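**Student:** First the structure, which I've put down as structure tokens, then a few questions once you've had a look.
The values are calculated or read from the model by the stated rules, or taken from the named source; none is laboratory data. Just so we're clear, the structure is a prediction, and the values are computed from it rather than from any experiment. Reconstructed Cβ throughout: ideal geometry from the backbone, glycine too, with neighbour counts over all protein chains shown. Accessible surface is based on the protein model in full, side chains and every heavy atom, while ligands, DNA and RNA are left aside. Shrake-Rupley method; radii C 1.70, N 1.55, O 1.52, S 1.80 Å.
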Amino acid sequence: MSTHEVIVVGLGGMGSATVRQLAARGVRVLGLERFTPAHDRGSSHGGSRVIRQSYFEDPAYVPLLLRAYELWEEAEKALTSYRGSVDLLTLTGGLYLGPPDSTTFAGSLAAAREWDLPHEVLDAAAVRARFPTFTPGDDEVGVYEERAGFVRPEATVAAHLDLAARDGADLRFGVQVLDITETAEGVRVRTTDGSFEAGHVVVSPGSWAPGLLADLGVPLRVERQVQYWFAPPRGVAPFVDHPVYVSELASGAQIYGFPSIDGPDGGVKVAFFRRGRDTDPDALDRVVTDDEITEMRDRVAATLPGLAGPVVKTVPCMYTTTPDEHFVIRREANVTIGCGFSGHGFKFVPVIGEILADLATTGSTAHSIALFDPRRFA
Ligand SMILES: Cc1cc2nc3c(=O)[nH]c(=O)nc-3n(C[C@H](O)[C@H](O)[C@H](O)COP(=O)(O)OP(=O)(O)OC[C@H]3O[C@@H](n4cnc5c(N)ncnc54)[C@H](O)[C@@H]3O)c2cc1C
């Protein structure tokens with residue numbers, strides 16, 4: 001008999017939330033991670049991630065988001081009482097700007113209306129008056145919601161790992177999983193540090209899914225995405241008490257960004273949503289070219305001209321994208337997978353942990369996950 005009931009492969013955003021959930025339920029869990037806790041070589045680093053509720057990607061995500069907010073708060077409380085005060089989720093308000101028929105504006109509004117989420121619709125003049133860092137053209141409109149903000153990815157991963165370890169999870173780092181095979185009793189996971197057996201395995205390998213889950217039959221694209229920190233020419237003050245935002249131009253190019261959270265010299269973060277170039281996850285190019293910086297500065301200048309100063313920092317990261325940009329979640333026999341989070345998964349991290357733990361322990365979940373079935377690509 002193996003000593004572990006469940007093995008979790010990959011302890012990034014999703015895997016760390018899953019081991020936390022399993023350990024809290026008293027499951028004997030082994031977590032295996034190739035790199036270090038909360039590392040910067042995958043998809044869950046860069047200090048901040050937008051979290052919002054009026055979800056333009058699809059209103060079907062809204063109930064998951066509402067549950068995620070509860071779990072973010074629950075994790076903050078659990079960790080604060082265990083280790084001292086910690087900030088994982090910060091509400092700043094969120095502004096979604098674009099032409100009236102853009103995905104960003106029309107999609108956010110549709111989700112807010114469908115789920116009766118508190119929101120305001122602002123014309124361009126109202127946006128300029130209330131949020132003076134933005135200079136939308138007269139043909140742009142905005143949705144503002146108060147219950148948006150940002151979460152901290154590295155602190156979240158570390159928090160979930162700490163809580164899992166407190167509750168008895170066996171977490172091992174610097175261990176690379178080589179392959180996973182089914183056995184009569186469950187699964188065998190072969191690693192660079194020996195083989196492990198358990199009744200069930202959860203596989204959450206982020207951008208390494210195309211290699212480790214090659215049989216899945218989902219055409220995943222691994223995309224390099226750069227996070228930029230600009231030093232605003234007139235200082236960060238206008239960006240301190242500032243909403244998170246997504247801005248889409250008529251050309252379709254979406255950027256999103258954050259308030260100043262890294263101090264007066266830390267710069268203010270902004271990034272393109274999508275439009276990344278393909279990468280091998282083991283050969284992520286960390287050099288950001290002048291052309292890339294210029295493209296971003298021009299895009300920022302079109303929407304927030306007071307931000308477009310020198311760049312103080314750039315950090316690449318990876319998206320793992322499905323053809324329809326919806327997630328992949330499924331249990332099949334003794335294997336549960338969670339991957340293809342398509343550049344918008346972090347805000348869901350605690351609820352994905354809950355779902356993957358539900359599937360691993362009971363075979364089903366009360367959450368609605370029909371949208372994520374990989375058989376849609378068959
Ligand atoms: C630039 C950028 C900005 C983003 N912005 C947002 C945002 O604002 N809001 C939002 O909601 N989402 C955002 N996302 C997306 C979100 O961060 C990802 O969807 C999420 O982090 C994915 O988590 P994951 O657990 O799938 O991957 P990861 O966190 O990368 O975890 C996968 C883990 O598996 C490990 N692993 C892989 N293979 C093996 C193996 N063989 N053996 C052992 N371990 C292995 C890896 O080392 C890694 O630690 C952004 C992503 C990027 C890159």
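**Student:** Hey, with R₀ at 41 Å, roughly what FRET efficiency would residue 325 and residue 181 work out to, going by the Cβ-Cβ distance, to 0.05?
**Tutor:** 0.85
**Student:** Compute the distance in nm between two label points, each set 7 Å from the Cα along the Cα-to-Cβ direction, one at residue 215 and one at residue 120.
**Tutor:** Output for this residue pair reads 5.5 nm.
**Student:** Here is a follow-up. Out of all DSSP beta bridges with both ends in region 121-204, state the antiparallel percent to the nearest 5.
**Tutor:** Around 95 percent antiparallel, to the nearest 5.
**Student:** Right, another one. If I stretch the segment between residue 312 and residue 234 completely, what's the gain in nm (0.36 nm per residue apart, minus their alpha carbon distance), one decimal?
**Tutor:** Full-extension gain reported as 26.6 nm.
**Student:** Right, here's the next one. Using the Karplus equation 6.51 cos²θ - 1.76 cosθ + 1.60 (θ = phi - 60°), what ³J(HN,Hα) coupling, rounded to whole Hz, does each residue of region 270-276 give in order, writing x for Gly and Pro?
**Tutor:** 8, 8, 6, 9, 6, 6, x
**Student:** Using the Karplus equation 6.51 cos²θ - 1.76 cosθ + 1.60 (θ = phi - 60°), what ³J(HN,Hα) coupling, rounded to whole Hz, does each residue of region 139-150 give in order, writing x for Gly and Pro?
**Tutor:** Residue by residue, region 139-150 yields 8, 10, 9, x, 10, 10, 10, 6, 8, 10, x, 9 Hz.
**Student:** Please compute the Kirkwood hydrodynamic radius of region 324-371 from all pairs of different C-alpha atoms, in Å with one decimal.
**Tutor:** 11.0
**Student:** While we're on this one: Where the centroid of each part is defined by its Cα atoms, how far is region 2-77 from region 251-279 in Å?
**Tutor:** What the calculation gives is 22 Å, centre to centre.
**Student:** Taking only protein heavy atoms and a 1.4 Å probe, what accessible area per residue, in Å², does region 277-357 have with all protein chains in place?
**Tutor:** With all protein chains present, region 277-357 gives 36 Å² per residue.
**Student:** Accessible area per residue for region 96-184 in Å², computed with a 1.4 Å probe and the full protein assembly in place, what is it?
**Tutor:** Ligands and nucleic acids excluded, the figure is 45 Å² per residue.
**Student:** Can you figure out the FRET efficiency of residue 287 with residue 173, using R₀ = 22 Å and their beta-carbon distance, to the nearest 0.05?
**Tutor:** 0.20
**Student:** Around residue 97, with a cut-off of 15 angstrom between Cβ atoms, what is the net charge of the other residues, counting Lys and Arg +1 and Asp and Glu -1?
**Tutor:** -4
**Student:** Applying the Karplus parametrisation 6.51 cos²θ - 1.76 cosθ + 1.60 with θ = phi - 60° to the phi angles of region 9-14, what ³J(HN,Hα) value in whole Hz is obtained for each residue in order, glycine and proline being reported as x?
**Tutor:** 9, x, 10, x, x, 6
**Student:** Can I ask one more? Could you check what % of the DSSP bridge pairs in the chain are antiparallel, to the nearest 5?
**Tutor:** Given both bridge residues lie in the chain, the antiparallel proportion sits at roughly 70 percent.
**Student:** Using a probe of 1.4 angstrom, how much of the accessible area of the chain is carbon and sulfur, in percent?
**Tutor:** Carbon plus sulfur share of accessible area: 50 percent.
**Student:** Per-residue ellipticity at 222 nm for the chain, helices alone: DSSP H runs ≥ 4 residues times -39500 (n - 2.57), over residue total, nearest 500 deg cm²/dmol?
**Tutor:** After summing the helix terms and dividing by the residues of the chain, the value is -7500 deg cm²/dmol.
**Student:** Related question: At 1.4 Å probe radius, can you tell me the per residue accessible area of region 200-263 in Å²?
**Tutor:** 36
**Student:** A further question on this structure: Rounding to the nearest 20 debye, state how big the charge dipole of the chain is about its Cα centre with +1 on each Lys and Arg Cβ and -1 on each Asp and Glu Cβ.
**Tutor:** 520
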